[in-house]
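The values are calculated or read from the model by the stated rules, or taken from the named source; none is laboratory data. Values in this document were obtained by computation on a predicted structure and should not be read as measured data. Backbone-built Cβ (ideal geometry, glycine too); neighbour counts: all protein chains shown. Just so you know, the surface numbers come from the protein's heavy atoms only, side chains and all, with ligands and any DNA or RNA stripped out. Shrake-Rupley method; radii C 1.70, N 1.55, O 1.52, S 1.80 Å.
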Amino acid sequence: MSSLRRVRECALGWAAAASVLCALTFQPRDARAASAGGVSAPQAGVMLGGLGLGLGTLALQRRHDHRAAALACVALVGSLSGCEPTSAAAGRRPGAGDDTRSAARGNDTPNRVSLPASAMAYIRVEPATHAPEDLSIRAPGRVAFRDNSTARVDAPAAGRVRKLLVEVGAAVKAGDPLIELSSPQASALHLQRDQARLELQRAERALVRQEQMIKAGVGRELDRQAARADLEAARVADRHARRAVEMLGPSRSGSITVVAPIDGTVLRRQATIGAQVEPGGAPLLEIGDKTALWVVADVFEDDLLQIRPGTTVQLRFSAEPAPVPGRVVGVGALVDIGQRRAPVYVAIADEAVTTHKLSPGMFVRADIAGPAGAGVTLPKQAVLIKDGESATAYVEVDPGVFEARRVVVGHTAGDHAQVVSGVNPGERVAVAGALLLDQQSGAAL
């Protein structure tokens, strides 16, 4: 009986020690009931711990009783199993911090973000204004010749270059000589023309003779009809031979003089003395009228619907600080598959071409006036796209306080976008740093 008593005392001592550990690091399931009784869980653990330590010390003095030690360990494990962990913060249950944060969020105004003064250095705020000039369609362009203002000079017949009469850059008038060719083909054509002329003269004399014989009563009607048929055939052959020679241009025997077809400037000259040339080959020269120029702007297909003939354009050249005015005269019908652009033709006043000394091939930036509309104009980085559909802008309602607004975007051009609704003129909008205000936003416009 005394041995059994000692075992019980040892077990009670270890259970009390375990209660002290639980009070320090765990919370018993019935802590709420203990608190209701006027004694807190830590206090109860200390009281039991003091009693348990005394009993445990007395029981463990009998070192020879191994069964008592084993039963004490079992009691310790059982006491530990009756405890549950608490939060990392002392005296709080799991989830208590989440409730606190949820309550803090619930007190905030929806769709509003507050920033400290230190973070405002990364935010740039500007008032929303209606600025139609910012909605101009900006497109790269180049100066080019107008239609029918360039000419390609080809060899009219096969031959060899004998003499070059002009240099590149020379101003020429229509009909001025450019190149002289030696051409056996031209010689043959001249020979055919001479033969056709002689045959025509012979047929005319034969018909006259038949007419005279009919009048004298010695001719036959059949012979007169044959003479008339021969004359018509000779006329056709002569007309064909003359036209073939006329296509050669100024020529005589086996020599051809190539002349300028239009007024202009010699742009390129590919012919060299002694070179063999033929019709349909490489051009001998290229001539262009440098006073008949326009600008060809390459506009994205999304902006083509906003452009109409007659729309005003501001042309900016790298060598000219002041813009040159122009107007749209045509929109290309085909869109380039690779670049997704189409040409837009802009006319320039002739005096502006001369004053600014424009040349074909010069680079130009075209600012095509966009359509005027309601709403305000904002930089594109001020508008955020969410979920690939909705657009959001952040409006400063108080110093450091921003409100997320759903906006409707209209026409976009260059670095600006037209906001049809959602933002009123004069309201201050975050035009830089909007992504800091909304980390869940999508890509900017």
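A single member of Val143, Val168, Val161, Val153 is under 29 Å from Asp302 (Cα atoms) and modelled with pLDDT of 90 or more, and it is Val143.
Among the listed residues Gly217, Gly254, identify the single one that is open to solvent by less than 80 Å² (accessible area, probe 1.4 Å) and either free of Cβ contacts under 8 Å to residues at least 40 places away in the same chain or of a type in the set (Lys, Arg) (or both).
Values: Gly254 fails: either free of Cβ contacts under 8 Å to residues at least 40 places away in the same chain or of a type in the set (Lys, Arg) (or both).
None of the others qualify; the one that does is Gly217.
Considering Arg152, Arg160, the condition of being in contact with a Pro (Cβ under 7 Å, 6 or more places away or on another chain), in a strand (DSSP E or B) and open to solvent by 30 Å² or more (accessible area, probe 1.4 Å) is satisfied by Arg152 alone.
Residues that are under 30 Å from Gly422 (Cα atoms) and of a type in the set (Phe, Trp, Tyr): does region 317-328 have at least one? No, the conditions are met nowhere in region 317-328.
Residues are listed down the side, and each one gets a yes or a no for (1) out of contact with any Cys (no Cβ under 7 Å at 6 or more places or on another chain); (2) open to solvent by less than 80 Å² (accessible area, probe 1.4 Å); (3) among the polar types (S, T, N, Q); (4) closer than 30 Å to Asp289 by Cα:
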residue	(1), (2), (3), (4)
Arg228	yes, no, no, no
Ala237	yes, yes, no, no
His240	yes, no, no, no
Arg243	yes, no, no, yes
Met247	yes, no, no, yes
Val258	yes, yes, no, yes
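When Leu181 is tested against (1) in contact with a Lys or Arg (Cβ under 9 Å, 6 or more places away or on another chain); (2) open to solvent by 20 Å² or more (accessible area, probe 1.4 Å), just one condition goes unmet, and that condition is (2).
Among residues of region 166-182 that are without any contact (Cβ under 8 Å) to a residue 60 or more places away in the chain, none has a beta-carbon under 9 Å from a residue that is of a type in the set (A, V, I, L, M, F, W, C) at least six positions away or on a different chain.
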